[in-house]
Amino acid sequence: MNRHRLAPLLALAALGIATAAPAQNGLRAVKTGAGLQELLQVDAPAWRSAPVTTVAMLPQSIIAPRVNKVGVSKLTVRAVHNQEWIAFHIEWPDPTRSDRIVVDNFGDQVAVELPVKPGKDAPPSPMMGNPGGRVTILQWRAAFQRDLDHGEPKVRDLYPFAHTDVYPDQVLRATDVRPYLGAIGLDNPISHPNRTPVLDQMAEGWGTMTVKPVQRAEGRGSWSRGRWQVVIAYPLAAGGDSDPRLKPGSETVAAFAVWEGEAREVGSRKAWSNWIPLRIE
């Protein structure tokens, strides 16, 4: 085995973290008659009757930059499906609402990870998959939710003391202004306006996260009284080779990650979970 691939596996073994076998406590996606729009409401009646699973979160301490202590130690997760969509209701305490992204601040985020190929006996690595073991990662971002709820902030909203004489697009042609538009000019999908607060992504290991060309995820998040409640929904029917194969009666696994913006968690600085069994009833 290549020594660069062996080192992370040895580190995981030293921490007592299983890389293939999922955790014992499972997650059941029960059938519901609720439609997608109802499921996207964090307080919808369908969520009250769904079984609750507590997911323990671990500090990402394998690859730099690491964290030694997580900002969120556990998630409360429910799952349902209506034969067309599977939806996850994720809840956790957070005394600070971090949904504004500026130079020295980071945003709250949470993600669901699903292997592309079905089955729970030999899943890929829960740490963003591995070469040949592709995963789908559905990442909800509080900043995206804020933009959708209240409109995209202006520069003055984020930096009240900022001063500009003129913006390039006010004096240059559209064909000439592109180099001055930063990430938007490079067509970074994260910088474009979004119709949903959830990014539909795929990965085959650390550093391989890629936004899918077709975005199929839906979601909604709400912060109230020191607590986030987030719903992430995804179609059961696969739309392409990089989408998970999900159907009623099947079994697979799911993993989770969460970022606490106030604790300066971003990128690989996060809390993550091992795989847990997921049954779509």
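Table for the structure above
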quantity: Residue that is farthest from Gly226 (Cα to Cα), among those in the stretch 76-105 that are assigned to a strand (DSSP E or B) and among the aliphatic types (A, V, I, L, M); calculated: Ile86
quantity: Residue match in the stretch 108-121 (condition: without any contact (Cβ under 8 Å) to a residue 12 or more places away in the chain and farther than 23 Å from Gly221 by Cα); calculated: yes
quantity: Failed criterion for Ile62 (all others in (1) surrounded by 15 or more Cβ atoms within 10 Å (Cβ to Cβ); (2) at pLDDT below 95; (3) touching a strand residue (DSSP E or B) at 6+ places or on another chain (Cβ under 7 Å) hold); calculated: (3)
quantity: Failed condition for Glu204, given (1) touching a Pro at 6+ places or on another chain (Cβ under 9 Å); (2) without any contact (Cβ under 8 Å) to a residue 24 or more places away in the chain; (3) surrounded by 11 or more Cβ atoms within 10 Å (Cβ to Cβ); calculated: (2)
quantity: Count of residues meeting criterion [open to solvent by 90 Å² or more (accessible area, probe 1.4 Å), assigned to a loop (DSSP other than H, G, I, E, B) and either free of Cβ contacts under 8 Å to residues at least 12 places away in the same chain or more than 27 Å from Met202 (Cβ to Cβ) (or both)] in the stretch 128-158; calculated: 1
quantity: Restricting the stretch 27-51 to residues that are basic (Lys, Arg) and more than 24 Å from Gln145 (Cα to Cα), the residue that is least open to solvent (accessible area, probe 1.4 Å); calculated: Arg28
quantity: Residue in the stretch 86-99 that is crowded, with 21+ Cβ neighbours inside 10 Å and among the hydroxyl-bearing types (Ser, Thr, Tyr) present; calculated: yes
quantity: Every residue from the stretch 220-269 that is under 23 Å from Ile86 (Cβ atoms), open to solvent by 30 Å² or more (accessible area, probe 1.4 Å) and within 17 Å of the chain's Cα centre (by Cα); calculated: Arg220, Ser222, Gln229
quantity: All positions within the stretch 100-123 that are modelled with pLDDT under 95 and open to solvent by less than 20 Å² (accessible area, probe 1.4 Å); calculated: Pro123
quantity: Whichever residue in the stretch 159-201 is farther than 30 Å from Asp243 by Cβ and among the acidic types (Asp, Glu) and, among such residues, is least open to solvent (accessible area, probe 1.4 Å); calculated: Asp176
quantity: Condition met for Leu75 (open to solvent by 10 Å² or more (accessible area, probe 1.4 Å), farther than 25 Å from Asp241 by Cα and touching a residue at least 24 places away in the same chain (Cβ under 8 Å)); calculated: no
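The values are calculated or read from the model by the stated rules, or taken from the named source; none is laboratory data. In this text, all values refer to a predicted model and were calculated from it rather than measured experimentally. Don't worry about glycine lacking a Cβ; one is built from the backbone with ideal geometry, like all the others, and counts go over all protein chains shown. Protein only, heavy atoms only, side chains kept; ligands, DNA and RNA dropped before computing areas. Shrake-Rupley method; radii C 1.70, N 1.55, O 1.52, S 1.80 Å.
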